[in-house]
Amino acid sequence: SQDFTTDFYFRQTWKDSRLTFEKRPNIAALSVGSEVAEKIWVPDTFFANEKSAYFHEATTPNTFLRINFDGEVLRSMRYVCFTCSLFANNESFL
């Protein structure tokens, strides 16, 4: 197998009724950092063919959360390195 290295943003959305709040004229959503992600429920997502993974944390964790007044949550993170099954022979390129 070969390694396929990629740098991308992984985004997830879900609704959590416990995070709803009253919409105000200038506040329809809250943008918060990774410290909030440690205090709320988040999906336990994984990649079955993951070889190794790391989050970019040069100065701070690279996680973004936006919580809308209706409880919709958007989480965005930078990620990863995958393993890629690639079987090639001379005929593959003919």
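The values are calculated or read from the model by the stated rules, or taken from the named source; none is laboratory data. If you're wondering where the values come from, they're calculated on a predicted model, not measured in any experiment. Virtual Cβ from ideal backbone geometry, glycine too; neighbours counted across all protein chains shown.
Take the residues of the range 34-47 that are in a loop (DSSP other than H, G, I, E, B) and exposed (fewer than 12 other Cβ atoms within 10 Å of the Cβ): which is modelled with the lowest pLDDT? Don't jump to the end; show me each part of the working.
Taking the range 34-47 first, the residues in a loop (DSSP other than H, G, I, E, B) are 38-47.
When the remaining residues are screened for being exposed (fewer than 12 other Cβ atoms within 10 Å of the Cβ), the result is 38-39, 41, 43-46.
Details: Glu38: 85, Lys39: 92, Trp41: 93, Pro43: 89, Asp44: 83, Thr45: 78, Phe46: 73.
Going through the qualifying residues, I end up with Phe46.
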Filter the range 25-41 down to residues that are without any contact (Cβ under 8 Å) to a residue 12 or more places away in the chain and more than 16 Å from the chain's Cα centre (by Cα) and give me whichever is farthest from Asn62 (Cα to Cα). Pro25
